[in-house]
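Accompanying notes for the structure given below.
The values are calculated or read from the model by the stated rules, or taken from the named source; none is laboratory data. Values in this document were obtained by computation on a predicted structure and should not be read as measured data. With ideal geometry, Cβ positions are generated from the backbone for all residues, glycine too; neighbour counts draw on all protein chains shown. Heavy atoms of the whole protein, side chains included, go into the accessibility calculation; ligands, DNA and RNA do not. Shrake-Rupley method; radii C 1.70, N 1.55, O 1.52, S 1.80 Å.
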Amino acid sequence: MNKTQQREMIAILDFGSQYTQLIARRVRECRVYCELLPATTTRAELLQRNVRGVILSGGPNSVYDAGAPLCDPAILTSGLPILGICYGMQLLAHQLGGRVAAASGRHEYGSAELEIQQTSQKAPALLRPTDVPGNGKMLAWMSHGDSVAEMPQGFVCLASSANNPIAAMAHPAGLIGLLFHPEVVHTPQGMLILQRFLFEVCGCQPNWTTGTFISEATSRIRDQVGSGRVICGLSGGVDSAVAAVLVHRAVGDQLTCIFVDTGCLRAGEPEQVVETFRQHLHIPLVVVDARARFLGRLAGVTDPEAKRRIIGEEFVRLFEAEAEKLGQVDFLAQGTLYPDVIESTSHDTTAAVRIKTHHNVGGLPEQMALRLVEPLRYLFKDEVRDVGRELGLPEEWVWRHPFPGPGLAIRVIGEVTQERLETLRAADAIVLDEVCQAGLYRELGQVFAVLTPLQSVGVMGDGRTYAHVVAVRAVTTSDFMTADWARLPYPLLASIASRIVNEVPGVNRVVYDITSKPPATIEWE
Ligand code: XMP
């Protein structure tokens, strides 16, 4: 494919800002395709793609730090439009002959008021005085130590803040620097500024839509798979479901889905998978009933990591056995998303402490030597939901919360037995039912019940009880790396508690988990 036949895109060079993924999501929201690329990307690499413009992200460094990442200077003079955000602006100034003032006391963290300057017609006016009628001041989110003391030649100043006379600058050749972050919601005109860069400066078209994605992905899958056979492990979550539906649309019954019932699923889940995939979507599906096998392997095991390991190993073994029964299989379809890809190719070498092993059930069994089909590897979660909806997945699938691979085994604290799983399943179904009825499901990141290993004293009728304690966990989160406990309304908590103790045998107490992550995690194990 030659360059102009490729999808037009914006390249976002990642200098390590905590907001880099957010920049990418905002650009996609403008219906322009973009990718995050390492800071070390060269002009030659950019020119191999149909790149229409470049965004230099923020980052934690000062341009004066030893080893501070710089941009390939050839990119800055390539004629491509460039938007430098925060550290990106400082790079433009530093590398093009301006001057960055290091830790000069001009740092700003939080909201600042910008005074927008009237610019000459020549420089791209991403900010205009007419954007902020009234006092002419625009709110912008700042998070910087260094700032620009002198602009490189040919730049004009677009805006000033109380601390920084040069809070935004532009050059007629399409180079723009913003000291503030247009990608965060605390900069109310941020999207307008990004749109002007994308459409007016780069000349992009807003044509990155769900429809174009589906048709491009479908033909890419056909090209890749040819007449080969594909298997896909369904986890019950939205990502693997959307990947499966997309692959099915591309190659029809060359795809077989495999769903393993580990016995650690939520109430009604295996039935829903069968109904949706076989009856509704007509996708070939093999269901493996491995409940007894998993329970047997989990007997007597209480350590959370041991539970994860057992379930992971067992899953892979069953998956392989089923795949073998299908005869020659060439490809494995997976619902890998862009944030996973970014994370796994991260240049950050800091060793992170392993908190929990997140075994991704449905992961590639290594010895199978299947080639991967990953049609969602450049999509964010919200884009996956849009694709799922367009492909006809029922709403309740599209909006499903994530569910961990080891399932209820890590929500039954302590030993996993049939009886304890039944207790948890019943309590969990009530929690979900009540939250859905209250219309709050979509506002939460995750919500579920946990069966604690505690028993407590209670009184029911005239009798004393000594029974299980169930905990309810509900969190709001944007990325599952951090989370806050959800402020569920008291009446909702009251009816959850009352229904659980009345309807679930063996439970006489319900507690609500009010810890954030960190220091807690979302799951209890
Ligand atoms: P934590 O508990 O670490 O969870 O705050 C963050 C997110 O990861 C999910 N999770 C898992 N997912 N296998 C998975 O596939 C696992 O072993 C696992 N453990 C936690 C959790 O549900 C939450 O969405």
Original post:
What is the set of long-range amide H partners of ARG229 at a cut-off below 5 Å, with H atoms built 1.01 Å from backbone N?
Top reply: ASP330, PHE331
Original post:
Beyond 14 Å, what percent of the Cα pairs of segment 1-69 remain?
Top reply: 60
**OP:** Taking the chain as the reference, fit the longest principal axis to its C-alpha atoms, fit the long axis of helix 381-390 to the helix C-alpha atoms, and give the angle between the two in degrees, 0 to 90, nearest 10.
**Re:** 70
Original post:
So who's got an amide H within less than 5 Å of the one on TRP524, skipping anything under 5 residues away but keeping other chains? H placed 1.01 Å off N, in plane.
Top reply: none
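Taking 41 Å as R0, compute the FRET efficiency from the Cβ-Cβ separation of ARG7 and LEU454 and round it to 0.05.
Values: r = 55 Å, r/R0 = 1.34.
That pair, ARG7 with LEU454, gives E of 0.15.
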Original post:
In nanometres, what is the gap between the two model label sites at SER495 and MET191, each 7 Å from Cα along Cα-to-Cβ?
Top reply: 3.3
Original post:
What's the angle, to the nearest 10 degrees (0 to 90), between helix 304-325's Cα axis and the longest principal axis of the chain?
Top reply: 80
**OP:** Excluding THR336 itself, calculate the net charge of residues whose Cβ lies under 10 Å from the Cβ of THR336, where each Lys or Arg counts +1 and each Asp or Glu counts -1.
**Re:** -2
Original post:
Across bins of 5 angstrom width beginning at 0, how are the C-alpha pair distances of segment 384-464 distributed, in whole percent?
Top reply: 3, 12, 17, 18, 18, 14, 9, 5, 2, 2, 1, 0
**OP:** Taking H placed 1.01 Å from N in the peptide plane, check which residues at least 5 places from ARG411 or on another chain put their amide H under 5 Å from its amide H.
**Re:** none
Original post:
With each pseudo-label sitting 7 Å past Cα toward Cβ, what's the LEU440-ASP289 distance in nm, one decimal?
Top reply: 3.7
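Would you kindly state how much longer the chain becomes between VAL511 and GLU320 on full extension, computed as 0.36 nm times their sequence separation minus their alpha carbon distance, in nm to one decimal? Working shown, then result.
On the way: separation 191, 0.36 × 191 = 68.76 nm, distance 4.09 nm.
Working it through step by step, the gained length comes to 64.7 nm.
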Original post:
What shape does segment 165-289 have by the C-alpha gyration tensor, where a ≥ b ≥ c are the square roots of the eigenvalues, rounded means a/c under 1.5, and otherwise prolate means a/b greater than b/c and oblate the rest?
Top reply: prolate
Subject >> segment 7-22 - phi-based ³J(HN,Hα) in whole Hz, Karplus 6.51/-1.76/1.60, Gly and Pro as x >> reply: 4, 6, 8, 9, 9, 9, 7, 9, 9, x, 6, 5, 9, 4, 4, 5
Original post:
Can you list the HN-Hα couplings for segment 247-254, worked out from phi with the Karplus curve (6.51, -1.76, 1.60; θ = phi - 60°), rounded to whole Hz and with x for Gly and Pro?
Top reply: 5, 5, 4, 7, 10, x, 7, 5
**OP:** Calculate for the chain the 222 nm mean residue ellipticity that helices alone would give, adding -39,500 (n - 2.57) per DSSP H run of length 4 or more and normalising by residue count, nearest 500 deg cm²/dmol.
**Re:** -9000 deg cm²/dmol
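Quick check for me: using +1 on Lys/Arg Cβ and -1 on Asp/Glu Cβ, what's the dipole size of the chain about its Cα centre, in debye to the nearest 20?
Working: 47 positive and 57 negative charges, 117 e Å.
Charge dipole of the chain: 560 debye, to the nearest 20.
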Subject >> Principal axes of the chain: Cα extent on each, largest first, Å >> reply: 81, 61, 42
**OP:** Over the chain, with every protein chain in place, what whole percent of the accessible area is carbon and sulfur at 1.4 Å, could you tell me?
**Re:** 52
Original post:
Taking the convex hull of the alpha carbon atoms in segment 395-525, what volume per residue do you get, in Å³?
Top reply: 114
Original post:
Excluding the sites themselves, what is the longest stretch of the chain that contains no trypsin sites (Lys or Arg not before Pro) in a DSSP loop with at most 11 other C-beta atoms within 10 Å?
Top reply: 1-353
Original post:
By how many nm would the segment from ALA44 to ARG309 grow when fully extended, if each residue of separation counts as 0.36 nm and the alpha-carbon distance is taken off?
Top reply: 90.9 nm
Original post:
In nanometres, what is the gap between the two model label sites at SER227 and THR77, each 7 Å from Cα along Cα-to-Cβ?
Top reply: 5.5
Original post:
Can you run phi through the Karplus equation (6.51, -1.76, 1.60; θ = phi - 60°) for segment 206-219 and list ³J(HN,Hα) in whole Hz, with x for Gly and Pro?
Top reply: x, 10, 8, 10, 4, x, 5, 4, 4, 5, 5, 5, 4, 6
